[in-house]
């Protein structure tokens, strides 16, 4: 039985599409069982419907506070019995009401090299700070913003000519590679959290570098990480 994945979205769902594409290629051994959103008709729902994946809108306006909303969200997601919950552009910070129900099963991708530049507007933050490199981070989710243990990171250069938009585009290419790769590590049971660190079991992959495995799984030979 394939690893069951629920995905939480708020917008376009480009990382959702990258996940679906990786599954279609056979490089991600998961089944997306449901797509959930705090928005009534995000474009991500259209992507899901094209593949016959159930979509669920949970309206925040119906709930008194974040905790009540997250409890309802947890019930809806839990009904689909996911092994992992992936945040893919879900624009809400989850509280303990959700996290506790899926302890160690919730992952997120962030468009910066955490712990640098958590939160929003991170490409502008990176440019304004003067860093020479940025990238993306896949991490486990806890109750703090962008603070959970790190699974994988990919790096891009920051050019003097960059705007927040051009840097975001370059990072997004890496996101679409790195997120499915991290999810495949989960599907294969290769991750173990030890304190702040995520230990990866590379046995059987024999990589020169961990990113070699990423490219192998995704069958993308023309992209450098």
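Laid out as a table, the results:
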| item | result |
| --- | --- |
| Computed FRET value (nearest 0.05) for residue 163 with residue 41, which takes r as the C-beta separation and R₀ as 41 Å | 0.90 |
| Ranked 161, 154, 10, criterion: other C-beta atoms within 10 Å, fewest first | 161, 10, 154 |
| Burial ranking of peptide ranges 46-58, 77-89, 93-105 (average Cβ count within 10 Å, highest at the top) | 77-89, 93-105, 46-58 |
| Computed label-point distance, nm, for sites residue 192 and residue 79 using a 7 Å Cα→Cβ extension | 3.8 |
| Linear extension gain, residue 202 paired with residue 66, 0.36 nm per residue minus alpha-carbon span | 45.1 nm |
| Cα-projected label distance for residue 24 with residue 120, points at 7 Å along beta-carbon direction, nm | 3.2 |
| Helical contribution to [θ] at 222 nm, DSSP H n ≥ 4, -39,500 (n - 2.57), averaged over the chain, rounded to 500 | -10500 deg cm²/dmol |
| Distance from the range 140-154 to the range 5-75 (C-alpha centre basis), Å | 19 |
| Most mobile listed residue (74, 44, 24) in the chain, GNM with C-alpha springs under 10 Å | 24 |
| Antiparallel DSSP beta bridges within the chain, as percent of all bridges there, nearest 5 | 45 |
| Kirkwood-type radius of the range 3-218, with distances r between different C-alpha atoms, in Å | 17.7 |
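Taken together, the values in this text are just the output of simple stated rules run on the coordinates, not laboratory data. Computed from a prediction, not measured in an experiment: that's the story for all the values here. Using ideal geometry, Cβ is built from the backbone for each residue, glycine included, and neighbour counts are taken over all protein chains shown.
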